[in-house]
There are 2 protein chains.
Amino acid sequence: MPRIKRTVIQNPLRRIIFSAVAVYALLFSSLSFSDCDMPKDLPTGDLGIIIERMDGSVLIINNSSLSVLCRVEGLGDLSHASAVFSRNARYAFVFGRDGGLTKIDLLKGKISKRILQSGNSIGGAISQDGQYIAVSNYEPGGVNVFAADDLSLVAKIPATYGSSTLTSKTVGLVDAPGNQFVYSLYDGNEIWQVKIGRKTGKTETTISSVDIKKYRNVGKAPYDGLISANGRYYIAGLFGEDGLSLLDLWHTEKGTRKILSHYGKGQKKLPVYKMPHLEGWAIAGNHAFLPAVGLHEVLVVDTDTWKEVSRIKVHSQPVFAMASPDDRQIWVNFAFPDNNTLQVIDSETFKIIKQFQPGKGILHMEFTPRSEHVWVSVRDNDEIIVYDTQTLEEVKHIPAKKPSGIFFTSRAHRIGL
Amino acid sequence: MPRIKRTVIQNPLRRIIFSAVAVYALLFSSLSFSDCDMPKDLPTGDLGIIIERMDGSVLIINNSSLSVLCRVEGLGDLSHASAVFSRNARYAFVFGRDGGLTKIDLLKGKISKRILQSGNSIGGAISQDGQYIAVSNYEPGGVNVFAADDLSLVAKIPATYGSSTLTSKTVGLVDAPGNQFVYSLYDGNEIWQVKIGRKTGKTETTISSVDIKKYRNVGKAPYDGLISANGRYYIAGLFGEDGLSLLDLWHTEKGTRKILSHYGKGQKKLPVYKMPHLEGWAIAGNHAFLPAVGLHEVLVVDTDTWKEVSRIKVHSQPVFAMASPDDRQIWVNFAFPDNNTLQVIDSETFKIIKQFQPGKGILHMEFTPRSEHVWVSVRDNDEIIVYDTQTLEEVKHIPAKKPSGIFFTSRAHRIGL
């Protein structure tokens, strides 16, 4: 362009040259927004993202064609990153460890907006109505709520606990029916239930009200939480004592109660290499499959009584135990130094039916929503392996740079994911 | 255009007029494909369709903005029509009563392809891998399987039953994990489990194999079927005798078994105005809520034992009993002449918490996938009413011509829907 600028255009070709400049500028400006040549008329039902943690990038994938559509860069520190999706399945909201909240437009293959909302964050959720994104923070603690459309801040909820002026790290943040968010205060030993008032005007991004209900002394140091698929039970794992804390959101008048009190990390005093994730709690039929902290076991819990039914011996300390959507299998990965192994448990017999060792750094698993495939990130192989859940055979290897979390857009239609 | 054609264009404006003609032709040709000005870059996660049964048309709607995007016409006889969605949530496959199978492109707001696949059909399903559409037929019976991409016929499975050469009407067709279809033979008293061999090549539309497993003497005249959300239990309602027939797809070696044998239409000899739909079976927690045939009751069944737990007195003969995705409510509509009433049951207390009488011809209900809204078609009002499931208040009235079935694209990610 500089060359053209310096030229004095006085001949009849002036208009044509100007047009060329305009086209070039158009091309250039579109390139500056995106490096990806995304397909036109792209439906969003079978898309997903893969976190590339080392490079601060994200792959946009298609889980029908088993292909990568785009790499989106510039997302900052993505170690321990997670994501939720807008209800139209167009946007992914990625929560980075550095407090970054990035909205990715899957149709355009580019970042729509990115903010640094705190110093250090741990995850987030999207409200039932799709209008609000909540992010839980380590530093300086508390939860921030943003408008999903432009990521403007709409509420800052400090986690001041008990009667003190101290503020807590917040963890285990999930959405719940009734446009609520539920999360735990790691330092405060509390669970908070926050209802975001809905605005009737569909373009409004301000909040009409924020009602907070606090549950105190829920147990020592809740470190993560999950909500059942119907949004009824919120369960926080405890780091500071044995057992877990259960809140029945249909009966909040009963407060929280302790479950599996006999269970904990104390018993065998094994070193805990990595705290297991609760998001991956597998609930299949009336059984929940829980990665035991510090033990080489997956606990089987009856979801009616919340009592232990069985313990399944597994290869090492489990990190994720995830149920296939057809409830037939529980896939388990493990903490370092055994994170090269993947085991598949039959949800009915509790037997291990398959073990894989495809490579080191098996960090995450994501099932396709109707259960035919599971995508597994193998960090040190720089690849995703897709398995057929029926045959337990490999379907495809997909290159990815140090992949960790895998998230499909079908999560947009699930409570608590 | 005729006027322009008759003009001899010899002046310098010739090119401009030709351009105008070209633009007009372009507009016209695009109009001939679609009457809808669909938004560009339309994500497909929050779309849906509404059947307008009298006019053979379908509305494409958005369940975030609560708006109608398009009316697609020319779908033939849509009484009792149902629909499934492609896994990318771009295409709706509509099964008409006249044997029509119509593929609608939701992005373009037009029919991609339409075939008349039999004389009289009753519903269909899409395979787990998204490659095959199966349609069950009354006339001439049997099931036809089509490629989802171009609706070419890939398998014709006649429903020849027992040792006879007679063929049966097929009903209660659903998809099941393992790329299977399951359906019932109304005349044959059989349930068939059909496995469609998957092709590894992703563009293949031919079938590698069709394996059929037949269960005989399942009960008299199975008239409809359903499958549990995890794809484990297939249940056929029986028209010819009391009780229902249950097939555990995890234990097919056990064959089918009869459940709720004491229950049936015989007891009180009430006239049956409309056979209830089983697709709407509500399973909330460990309870299934079943519209009782010919009785003013909703049966509550324990899904562990498959025994009756309770009966809930309702306004009239129930047609659909549908659970909200958060499991808290069961919404029930009724057969003629009481199809002006809607009741909401609390899934925990079994009490009726609300009754509506918004108009005559309440034909169908569809929940948004995270449970905040339910859309209700009120045929004789020519409208859809959207209710808030928390407040039980009306959120919006949406005009529609004699609406019946409502189907959201989130079904693409559910087993058996």
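The values are calculated or read from the model by the stated rules, or taken from the named source; none is laboratory data. Given the structure is predicted, the values throughout are model-derived calculations rather than measurements. Cβ coordinates were reconstructed from backbone atoms using ideal geometry, including for glycine residues, and neighbour counts include every protein chain displayed. Ligands, DNA and RNA are excluded from the accessible area calculation, which covers all protein heavy atoms including side chains. Shrake-Rupley method; radii C 1.70, N 1.55, O 1.52, S 1.80 Å.
For residues that are basic (Lys, Arg) and open to solvent by less than 90 Å² (accessible area, probe 1.4 Å), scanning just the range B:195-212, find the one that is modelled with the highest pLDDT. By that ranking, first place goes to B:195.
When you check residue B:127 against the structure, is it within 12 Å of chain A (Cβ to nearest Cβ), buried (at least 22 other Cβ atoms within 10 Å of the Cβ) and within 22 Å of residue B:197 (Cα to Cα), yes or no? Break it down into steps so the answer makes sense when it comes.
Numbers: within 12 Å of chain A (Cβ to nearest Cβ): yes; buried (at least 22 other Cβ atoms within 10 Å of the Cβ): yes; within 22 Å of residue B:197 (Cα to Cα): yes.
Answer is yes for this residue.
Among the residues of the range B:326-348, none qualifies, meaning not one is open to solvent by 20 Å² or more (accessible area, probe 1.4 Å), within 14 Å of chain A (Cβ to nearest Cβ), among the hydrophobic types (A, V, I, L, M, F, W, C) and touching a Ser or Thr at 6+ places or on another chain (Cβ under 8 Å). Considered as a group, the residues in the range B:241-260 that are within 22 Å of residue B:319 (Cβ to Cβ) and open to solvent by 40 Å² or more (accessible area, probe 1.4 Å) include one that is farthest from the other protein chains (Cβ to nearest Cβ), and that residue is B:241. Consider residue A:119 carefully, then state whether it is modelled with pLDDT under 95 and buried (at least 23 other Cβ atoms within 10 Å of the Cβ). It is false that residue A:119 is modelled with pLDDT under 95 and buried (at least 23 other Cβ atoms within 10 Å of the Cβ). Taken together, the residues in the range B:63-81 that are open to solvent by less than 10 Å² (accessible area, probe 1.4 Å) and within 14 Å of chain A (Cβ to nearest Cβ) amount to 1.
Residues that are open to solvent by 10 Å² or more (accessible area, probe 1.4 Å) and not in a strand (DSSP E or B) were ranked within the range A:102-115; the one that is farthest from residue A:417 (Cα to Cα) is A:108. Just so you know, in the range A:307-319 the residues that are of a type outside the set (Lys, Arg) and surrounded by fewer than 17 Cβ atoms within 10 Å (Cβ to Cβ) include one that is nearest to the other protein chains (Cβ to nearest Cβ), and it is A:309.
Could we say that residue B:406 is away from chain A (no Cβ under 14 Å), open to solvent by less than 20 Å² (accessible area, probe 1.4 Å), modelled with pLDDT of 95 or more and on the phi < 0 side of the Ramachandran plot here? The answer is yes for residue B:406. For the structure I just gave you, tell me whether residue B:183 is over 22 Å from the mean Cα position of the chain (by Cα) and either at pLDDT 95 or above or of a type in the set (D, E, K, R) (or both). No, not satisfied.
Taking the range A:82-96 as the region of interest, how many residues are among the aromatic types (Phe, Trp, Tyr) and away from chain B (no Cβ under 12 Å)? Spell out the reasoning first.
Step one: list which residues in the range A:82-96 are among the aromatic types (Phe, Trp, Tyr), which gives A:85, A:91, A:93, A:95.
Those left that are additionally away from chain B (no Cβ under 12 Å): A:93, A:95.
Qualifying residue count, the range A:82-96: 2.
Please determine whether any residue of the range A:363-375 is free of Cβ contacts under 8 Å to residues at least 24 places away in the same chain and closer than 20 Å to residue A:46 by Cβ. Scanning the range A:363-375, I find at least one residue that is free of Cβ contacts under 8 Å to residues at least 24 places away in the same chain and closer than 20 Å to residue A:46 by Cβ, so the answer is yes.
If you scan the range A:227-240, which residues turn out to be more than 14 Å from chain B (Cβ to nearest Cβ) and either open to solvent by 10 Å² or more (accessible area, probe 1.4 Å) or over 18 Å from residue A:299 (Cα atoms) (or both)? Explain how you work it out, then say what you get.
Filtering the range A:227-240 down to residues more than 14 Å from chain B (Cβ to nearest Cβ) leaves A:235-240.
Residues satisfying the conditions are A:238, A:239, A:240.
Filtering the range B:116-150 to residues that are assigned to a loop (DSSP other than H, G, I, E, B) and of a type outside the set (Ser, Thr, Tyr) leaves B:117, B:119, B:128, B:129, B:130, B:131, B:140, B:141, B:142, B:148, B:149, B:150.
Which ones in the range A:82-101 are assigned to a strand (DSSP E or B) and open to solvent by less than 20 Å² (accessible area, probe 1.4 Å)? Write out each step before concluding.
First pass over the range A:82-101, keeping only residues assigned to a strand (DSSP E or B): A:82-85, A:91-95, A:100-101.
A:83, A:84, A:85, A:92, A:93, A:94, A:95, A:100, A:101, listed by residue number.
At pLDDT below 95 and not in a loop (DSSP other than H, G, I, E, B) - does that describe any residue in the range A:32-51? Among the residues of the range A:32-51, at least one is at pLDDT below 95 and not in a loop (DSSP other than H, G, I, E, B), which makes the answer yes. Within 19 Å of residue A:277 (Cβ to Cβ) and within 14 Å of another protein chain (Cβ to nearest Cβ): does that describe residue A:148? Spelling it out, it is not the case that residue A:148 is within 19 Å of residue A:277 (Cβ to Cβ) and within 14 Å of another protein chain (Cβ to nearest Cβ).
The set of residues in the range B:294-305 that are in contact with a strand residue (DSSP E or B) (Cβ under 9 Å, 6 or more places away or on another chain) and open to solvent by less than 10 Å² (accessible area, probe 1.4 Å) comprises B:295, B:298, B:299, B:300, B:301.
Of all residues in the range A:164-173, those that are aliphatic (A, V, I, L, M), open to solvent by 10 Å² or more (accessible area, probe 1.4 Å) and touching a residue at least 24 places away in the same chain (Cβ under 8 Å) total 1. Scanning the range A:365-377 turns up no residue that is at pLDDT 95 or above, away from chain B (no Cβ under 14 Å) and over 18 Å from the mean Cα position of the chain (by Cα).
Looking only at residues of the range B:40-59 that are within 13 Å of chain A (Cβ to nearest Cβ) and crowded, with 21+ Cβ neighbours inside 10 Å, we find that the one that is nearest to the chain's Cα centre (by Cα) is B:48.
Among the criteria (1) open to solvent by 10 Å² or more (accessible area, probe 1.4 Å); (2) in contact (Cβ under 8 Å) with a residue 60 or more places away in the chain; (3) within 25 Å of residue A:234 (Cβ to Cβ), the one residue A:322 does not fulfil is (2).
Is it the case, given these coordinates, that residue B:101 is closer than 30 Å to residue A:62 by Cα and away from chain A (no Cβ under 14 Å)? In short, yes.
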